[in-house]
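Colleague: Structure provided below as structure tokens; questions to follow.
Since every read-out is calculated from the coordinates, none of them should be taken as a lab result. Since the model is a prediction, treat every value here as computed from it, not as a measurement. All Cβ positions, glycine included, derive from the backbone under ideal geometry; neighbour counts span all protein chains shown.
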Amino acid sequence: MNRFEYKITKHPAETFGELVYYCTEAGECTLDQIPHDQTETLENILNAEGATGWELVQVSFGHNGIIAFWKKEMES
């Protein structure tokens with residue numbers, strides 16, 4: 001049976017310069033309006049954790065940053 005360890009990381013909005021998630025008043029959200037540097041910053045975070053064996057489980061966005069949930073298989 002596989003065993004996993006988990007960790008949670010917080011990344012404040014300042015990490016992104018300005019954390020922006022675009023939604024219309026009707027509640028429709030699109031990614032095409034998010035500035036490239038913000039997606040690049042998130043990509044760098046994902047790649048850095050992935051390089052050390054962590055797999056992203058979920059990411060949640062808030063007005064003051066993001067929180068990421070990771071898992072890694074434990075050595076037997």
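Colleague: I'd like the FRET efficiency for T52 and E28, computed as 1/(1 + (r/R0)^6) with the beta carbon distance as r and R0 of 30 Å, rounded to 0.05.
Modeller: With R0 = 30 Å, the Cβ-Cβ based efficiency is 0.25.
Colleague: Please find the FRET efficiency linking F69 to E40, where r is the Cβ-Cβ separation and R0 is fixed at 25 Å, and quote it to the nearest 0.05.
Modeller: 0.70
Colleague: Sum up the charges of everything whose Cβ sits under 10 Å from the Cβ of K7, counting Lys and Arg as +1 and Asp and Glu as -1, but leave K7 out.
Modeller: Local net charge: 0.
Colleague: Work through the residues other than N47 whose Cβ is under 13 Å from its Cβ and net out their charges, Lys, Arg +1 and Asp, Glu -1.
Modeller: -4
Colleague: Here's another thing I want to ask about it. Starting from 0.36 nm per residue, how many nanometres of slack lie between T15 and S76 once their C-alpha separation is accounted for?
Modeller: Gain in length upon complete extension: 18.4 nm.
Colleague: Can you pull out the chymotrypsin sites (Phe, Trp or Tyr not before Pro) in segment 42-76 that DSSP calls coil and that have at most 15 other Cβ atoms within 10 Å?
Modeller: none
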